[in-house]
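Colleague: Sharing a structure, written as structure tokens. Questions coming.
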Amino acid sequence: MPSLSKRTELVIQSEIRSMTLECNRAGGINLAQGVCDLEVPPPVREGAQRAINEGFNIYTRYDGLPILREAIANKMETQNGLVVDPDSEVIVSSGSTGIFYSTCLALLDPGDEVILFEPFYQYHLNTLLSLGVIPRFVTTSPPNWDFDYIHLENAINDKTKAIIINTPSNPSGKVFNQNELKLIAKVVQENDLFLITDEIYEHFVYDGNIHTSPATIPGLLDHTITITGASKIFSITGWRIGYSISNAKWAKIIGYMNDLVYVCAPSPLQVGVAKGLEELSPGYYSNIRDEFAIKREKICNSLSKAGLNPYKPQGAYYVLADVSSIPGSTSKEKAIYLLSETGVAGVPGSAFYNSSEGENLMRFCYAKTDEDLEEACRRLETLSTI
């Protein structure tokens, strides 16, 4: 019999998808998967519909439609403080995960080492492992998810090629502040590294925290590949529209890899995203932020009432909670117990750690309709009576 590739031994199914399947079987409420249940903004939806009717149904250039690249460049300047050339520094791909994969293909070789901050996003880890890249972990610690600069320095060696940061972070909600980014910049510059930043949750920040694109930190611009997209802020996770911003030298090769793997992102959906970026006012983004701040308070309060100590996130739309009071010797056992007792699915904390530190943690997504979140919170609170 033919055999599978050796890389399949390194990559396991995402616990996020695994718990989603468990939730579907149980008929529960899915707080495991980061699917935003809010309405798609009319300019985005109607823009895509018009594009289909107007014939935007064939391949685009590997880097995306001009209308979208120009809208992205304008957005990056007005919202992120980065001046971007839409013709040479923007690559549109199949979601932020697609552009992340294309970036790793372009920049990393088997045997290279890459720094991940722990807790990490599991997709980042699995992508690295599938390409033969060796991850090294720097742990951040609750409640503020701070990291030790000395540990970061000590994780670097002559095989290190890049650092990956996710800000705001999935799963912790950490928002890297400017002082932390300057420390990271020092390491990047001293060791001539790439900095790959996943900023997909950039609009979801709370309590006066400010999202800073790392590429705006002095000395980081030419080292940084900025990755973000429209999936979360426009509630279109199934459309798969993401993009990167980088020096033209890196963008060209990332674009070639994107062409090889994905050819192009869906053409009419690119138009829809462009219309959203062009037409939605600053008030749209601030309203979303305020709405999600209320959802955050609701779930954190319910977790506390259930005896599950939440680490209130600074950003994104997930909360990690201490579930040591739930029966089970592993976080997966605890997640299955919670689902069976309450009908609410979370993600085992072990999915976000290389070490055992995640075994008493669970991640919950609160990007849900008010009705679904209210019911999930009611069910969680019944834990206190079990």
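The values are calculated or read from the model by the stated rules, or taken from the named source; none is laboratory data. No experiment lies behind these values; they were computed from the predicted model shown. We place every Cβ from the backbone using ideal geometry, glycine too, and count neighbours over all the protein chains shown.
Colleague: Can you find, within the stretch 172-196, the residue that is nearest to Val114 (Cα to Cα) among those that are within 22 Å of the chain's Cα centre (by Cα) and part of a loop (DSSP other than H, G, I, E, B)?
Modeller: Leu193
Colleague: In the stretch 4-57, which residues are among the β-branched types (Val, Ile, Thr), over 16 Å from Ile336 (Cβ atoms) and not in a loop (DSSP other than H, G, I, E, B)? Step through it out loud before you land on a result.
Modeller: So in the stretch 4-57, the residues among the β-branched types (Val, Ile, Thr) come out as 8, 11-12, 16, 20, 29, 35, 40, 44, 52.
Those still in the list that are over 16 Å from Ile336 (Cβ atoms) too: 8, 11-12, 35, 40, 44, 52.
Within the stretch 4-57, Thr8, Val44, Ile52 meet the criteria.
Colleague: Looking only at the stretch 58-68, count every residue that is part of a loop (DSSP other than H, G, I, E, B) and either of a type in the set (Asp, Glu) or surrounded by 14 or more Cβ atoms within 10 Å (Cβ to Cβ) (or both) and tell me the total. Break it down into steps so the answer makes sense when it comes.
Modeller: Applying the first criterion (part of a loop (DSSP other than H, G, I, E, B)) to the stretch 58-68 yields 58-65.
Now restrict to residues that are either of a type in the set (Asp, Glu) or surrounded by 14 or more Cβ atoms within 10 Å (Cβ to Cβ) (or both): 60, 62-65.
Selection size over the stretch 58-68: 5.
Colleague: Please work out if Leu131 is buried (at least 19 other Cβ atoms within 10 Å of the Cβ) and within 22 Å of Thr228 (Cα to Cα). Full working, then the answer.
Modeller: Values: buried (at least 19 other Cβ atoms within 10 Å of the Cβ): no; within 22 Å of Thr228 (Cα to Cα): yes.
In short, no.
Colleague: Of a type in the set (Val, Ile, Thr) and either in a helix (DSSP H, G or I) or in the same structural domain as Pro119 (by TED's automatic domain parsing) (or both): does that describe Ile336? Before you say what the answer is, go through the steps one by one.
Modeller: On the way: of a type in the set (Val, Ile, Thr): yes; either in a helix (DSSP H, G or I) or in the same structural domain as Pro119 (by TED's automatic domain parsing) (or both): yes.
When the stated conditions are applied, Ile336 passes them.
Colleague: Would you please name the residue that is farthest from the chain's Cα centre (by Cα), looking only at residues in the stretch 303-320 that are outside any loop (DSSP other than H, G, I, E, B) and surrounded by fewer than 24 Cβ atoms within 10 Å (Cβ to Cβ)? First the steps, then the outcome.
Modeller: Pass one, the stretch 303-320, residues outside any loop (DSSP other than H, G, I, E, B): 303-305, 309-311, 315, 318-320.
Then drop every residue that is not surrounded by fewer than 24 Cβ atoms within 10 Å (Cβ to Cβ), which leaves 304-305, 309-311.
Values: Ser304: 25, Lys305: 28, Asn309: 23, Pro310: 20, Tyr311: 18 Å.
Per the criteria, the residue is Lys305.
Colleague: Does the stretch 81-100 include one or more residues that are among the aromatic types (Phe, Trp, Tyr) and assigned to a loop (DSSP other than H, G, I, E, B)? Let's see the steps before the verdict.
Modeller: First, the residues of the stretch 81-100 that are among the aromatic types (Phe, Trp, Tyr): 100.
Still in the list and also assigned to a loop (DSSP other than H, G, I, E, B): none.
Looking for residues that are among the aromatic types (Phe, Trp, Tyr) and assigned to a loop (DSSP other than H, G, I, E, B), one finds none in the stretch 81-100, hence no.
Colleague: Right, next: Tell me yes or no: at least one residue of the stretch 340-360 is farther than 17 Å from Gly34 by Cβ, surrounded by 23 or more Cβ atoms within 10 Å (Cβ to Cβ), of a type in the set (Gly, Ala, Ser) and touching a strand residue (DSSP E or B) at 6+ places or on another chain (Cβ under 6 Å).
Modeller: No, that holds for no residue.
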